[in-house]
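Worksheet for the structure shown next.
Just so it is clear, none of the values below were taken in a lab; they were calculated from the coordinates. As the structure is a prediction and not an experimental result, all values here were calculated from the model. Here the Cβ positions follow ideal geometry from the backbone for every residue, glycine too, while neighbour counts run over all protein chains shown.
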Amino acid sequence: MQAKVTWFGKRKFTAVAESGRTVVLDAKPEAGGEGDGVRPMELLLMGLGGCTGIDMAMILERMRIPLERLEMRVDGERAADYPQKYTGFTITYEIDAPGASPDKVLRAIALSQDKYCSVAHSLTGSVQAALILNGERVNP
């Protein structure tokens, strides 16, 4: 895979993925940007959420669990010192799937994180999960 990233002045870039899709990246104004695009560290969180979300939709479909809603909130913990890398992630899965067993949904989360999500595996050892199923918190 590859992406082409092109500078457009100040701190603004356009990234074009191999698929042809485009994302505008920019720094926050305090860092010399204009805030016109997604910040690179935000994009990493979005990629993690999208990766596990695709897995979850596929796994739950195979388990014959009909989804009404699937939403992930991805929180990243960052180091205070530069380069201020992420030190950990928590993905909170909010799922509405009437009649779904918490055990099966937790199994789907484990499969995504432990086997399928390539983004999570690229961040090995730093991704945790939480589940809210049909409005109720389930402890993994």
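Descriptive notes on the structure:
- With an a/c value of 1.5 or above and a/b larger than b/c for the gyration tensor axes a ≥ b ≥ c computed over the alpha-carbon atoms, the stretch 59-140 is described as prolate.
- The stretch 89-121 and the stretch 3-68 have Cα centres separated by 20 Å.
- In the chain, the longest principal axis of the Cα atoms and the axis of helix 40-62 are about 20 degrees apart.
- Point-charge dipole on Cβ atoms (K/R +1, D/E -1) for the chain, about Cα centre, debye to 20: 320
- Projecting the Cα atoms of Val24, Leu45, Leu133 onto the charge dipole of the chain (Cβ charges, centred on the Cα centre) puts Val24 farthest toward the positive pole.
- Between helix 102-111 and the chain: long-axis angle, C-alpha atoms, 0 to 90°, nearest 10: 40
- Estimated 222 nm signal from helices in the chain, with DSSP H stretches of n ≥ 4 weighted -39500 (n - 2.57), rounded to 500: -8500 deg cm²/dmol
- Each label point was placed 7 Å from the Cα along the Cα-to-Cβ direction; for Met1 and Tyr82 their separation is 2.9 nm.
- Around Asp114: net Lys/Arg minus Asp/Glu count, Cβ-Cβ under 14 Å: +1
- Read-out percent of Cα pairs over 20 Å apart, derived from the coordinates shown; its label in (i) 54; (ii) 46; (iii) 50: (i)
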